[in-house]
Amino acid sequence: MGELINVFIESAFIENLVLAYFLGMCSYLAVSKSLNTAFGLGLAVIFVLGITMPINWLINEYLLVPIELEFLRFILFIAVIASMVQLVEMVVEKYSPGLYAALGIFLPLITVNCAILGGSLFMVSREYTLPESVAFGLGGGFGWFLAIIAIAAIREKIRYSNVPPALRGLGMAFLITGLMGLAFMALMGIDPAVIAGPQ
Amino acid sequence: MAEVKDTKAVEKTPLFGKEEKQLIYDPLFDNNPITIQVLGVCSALAVTSLVYPSLVMAVAVVFVCGFSSLFTSLLRNTIPKQVRLIVQLVIIALLVTVVNFVLKAFAYPVYKQLSVYIGLIITNCIVMGRLEAFAMANKPWRSFIDGIGNGLGYGAILVLVGVVREIFGKGTLFAGSGIDMMMIGPSEDYWINTMATEGWQTMFGWYANNNLMVMPAAAMFVIAIVIWIQRARNPKLVDIS
């Protein structure tokens, strides 16, 4: 259990997908203009990352590796992600219209969110186990959620500041992300083992 | 009216005419995928701490972008509207797999360095963005040029950021590629020797490598500065939001 908490904290704070690896940058910059939409997209990312990671893990471990079809990894992973997003969209629409109204528009966007595919590829290259990959998916999603909420809140505030015209909007978003990245580096000092307790 | 018709008839003949040139130039400057359209920022900023991996990444994206546009454009009339995203993704994933294995075979160290970012070209929004916006509605040759142009616009920013970060962060250029230019640093091996006691090199005695530039955050600052310069020169590009 301690091991899993380690992975979660590491992926959420220390190796944040957006601020340390720049994954999911496009939707992060495009959808962070208001806090509400950022919140919706952030939730959807946690959701989809948490679901696709174990599925891709199973596919990789029991289908691709045994029959040595690793070269199909990219195609299969992206197909799984695309179809899972579609499936999740349908299920959510059927059973939870409230959640669908909140997430609905963002779900299709997530297929091409690099954080999702990136998560799966990191999972393979770091050789996580199944429970670890779930923890990594949830942790990475949570980190992404935190980052987009933080920048959306800052961008809402900064609209009232006197920024040089040429830097307004996109330029400021880049600068703020850079500063947030530096701030998150301070979290590198966290020793996940201490939080997780004795194993 | 007659004149307009005439020019259209003439335009069909040249293989690389004015419009094709526009398709290359536009994304390089005024419609740059990264600084103006904000597409494809995702997959590649982390690789720009050195020039060589950025260059390899840029070439890979130009290749994938160009050929996926070409193939999609060739297939555009046979792809059903409902499944077009999946078809596009499969075409891109195929090309990226090719790139992945070519790099693994011929440039293993840089393949290791780029790690997952090669695979992430698949979800690079410029590639899909160009397929959706251009290749699905245009002839193969023009789509190919458009893909190449956008890949180049993306690569140009990538290499620019790489050059700035490597010179100021490490004092070298093209480290790891076999060319290994030593630009500035505290020993005889460097082109500018900051420890020199005589000659023009003493001017640079204050220089020290800036470790901030090696960190991922520096890429954001460099791009923000590029955006700033670009929009200050061309106020039309400023967005109000």
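The values are calculated or read from the model by the stated rules, or taken from the named source; none is laboratory data. As the structure is a prediction and not an experimental result, all values here were calculated from the model. Glycine also receives a Cβ, built like all others from the backbone with ideal geometry; neighbour counts cover every protein chain displayed.
Some notes on this structure:
- Residue within the range A:150-167 that is closer than 29 Å to A:F74 by Cα and more than 14 Å from chain B (Cβ to nearest Cβ) present: no
- For B:T78: the one exception among (1) surrounded by fewer than 15 Cβ atoms within 10 Å (Cβ to Cβ); (2) at pLDDT below 85: (2)
- Matching entry among A:L4, A:L64, A:L19, A:L72 (being under 30 Å from A:R159 (Cβ atoms) and either touching a Lys or Arg at 6+ places or on another chain (Cβ under 9 Å) or among the aliphatic types (A, V, I, L, M) (or both)): A:L19
- Residue selected from the range B:219-234 under the condition in contact (Cβ under 8 Å) with a residue 60 or more places away in the chain and more than 7 Å from every other protein chain (Cβ to nearest Cβ), by the criterion farthest from the chain's Cα centre (by Cα): B:N234
- For the range B:1-35, filtered to residues that are assigned to a loop (DSSP other than H, G, I, E, B) and surrounded by fewer than 10 Cβ atoms within 10 Å (Cβ to Cβ), the residue that is modelled with the highest pLDDT is B:L15.
- Tabulated pairs, the range A:54-76, first within 13 Å of another protein chain (Cβ to nearest Cβ), second of a type in the set (G, A, S), C-beta under 7 angstrom, 6+ apart or interchain: A:N56/A:S120; A:F74/B:A93; A:F74/B:G119; A:I75/B:A93
- The criterion of being closer than 30 Å to B:M128 by Cβ and facing chain B (nearest Cβ under 7 Å) does not hold for A:F184.
- Identity of the residue in the range B:101-133, in contact (Cβ under 8 Å) with a residue 40 or more places away in the chain and over 17 Å from B:S68 (Cα atoms), that ends up nearest to the other protein chains (Cβ to nearest Cβ): B:Y117
- Qualifying residue in the range A:96-103 (condition: within 26 Å of B:Q88 (Cα to Cα), more than 18 Å from the chain's Cα centre (by Cα) and surrounded by fewer than 18 Cβ atoms within 10 Å (Cβ to Cβ)): no
- Wholly enclosed helices (runs of 4 or more DSSP H) of the range B:86-151 bearing at least 2 residues within 18 Å of A:F122 (Cα to Cα): B:108-114, B:116-119
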